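Quick notes on the structure that follows.
The values are calculated or read from the model by the stated rules, or taken from the named source; none is laboratory data. Keep in mind that what you see is a predicted model, and the values were worked out from it rather than measured. FYI the Cβ positions are ideal-geometry reconstructions off the backbone, even for glycines, and counts take in every protein chain you see. Remember, those area values only see protein heavy atoms, side chains included, never the ligands or the DNA or RNA. Shrake-Rupley method; radii C 1.70, N 1.55, O 1.52, S 1.80 Å.
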Amino acid sequence: MMKPQAPIVIAAAIEQDVQLATAESLTAGMIAARLAEVPGASAVLRGGVVSYSSDVKRELLGVDAQLLEAQGSVDPEVARQMAIGALQACGADLAVSATGVAGPDTHDGKAVGTVYIGWAKGEESGSKVHHFVGDRAQIREQSATAALQQLATILNKASSQ
């Protein structure tokens, strides 16, 4: 089932000529898949990196090795660096990332449902923490939805300037 944010994101990206990319850990491609469900997505969706392991985060996305060692993969700065890495790896204008704990067990000392959504656009980047509730599938769904909402918010902000 297509979620409502994806068509909004694709339409805004096409209108603004913004190329998109994703970097996904716990969502494992769900964000990119939702975007790709929208007809016309190929005009703006450059690609994505599924970086389930820390090695891939470090080697493909350029996430700082010392940061991963010290904080683990579920961290706001890791999410931010993942988005920057996707931006560069895919040659995009705007990227979103997701890293977190879908469960059933805690990870890197973080509680189940702790998710960081990162973003990068040009020289700007950041991340936002979410605390989702539900089973593994529900947390992954909520994470993908939050990432699409982050893209929509950034694109909406850009269109109103």
### Message
Looking for something surrounded by fewer than 16 Cβ atoms within 10 Å (Cβ to Cβ) and among the hydroxyl-bearing types (Ser, Thr, Tyr) - is there at least one such residue anywhere in region 65-73?
### Response
no
### Message
Taking the criterion of being crowded, with 20+ Cβ neighbours inside 10 Å and under 23 Å from Leu60 (Cα atoms), would at least one residue in region 135-143 satisfy it?
### Response
yes
### Message
Yes or no: region 83-94 includes at least one residue that is under 12 Å from Thr27 (Cβ atoms) and not aliphatic (A, V, I, L, M).
### Response
no
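Here is a yes/no grid of residues against (1) in a strand (DSSP E or B); (2) at negative phi; (3) open to solvent by less than 50 Å² (accessible area, probe 1.4 Å); (4) among the charged types (D, E, K, R):
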site: Ala6; (1), (2), (3), (4): no, yes, yes, no
site: Val9; (1), (2), (3), (4): no, yes, yes, no
site: Ala13; (1), (2), (3), (4): no, yes, yes, no
site: Ala21; (1), (2), (3), (4): yes, yes, yes, no
site: Ile31; (1), (2), (3), (4): no, yes, yes, no
site: Leu35; (1), (2), (3), (4): no, yes, yes, no
site: Arg46; (1), (2), (3), (4): yes, yes, no, yes
### Query
Are any residues in region 90-109 over 13 Å from Ser143 (Cβ atoms), over 10 Å from the mean Cα position of the chain (by Cα) and buried (at least 19 other Cβ atoms within 10 Å of the Cβ), and if so, which ones?
Cys90, Ala92, Asp93, Leu94
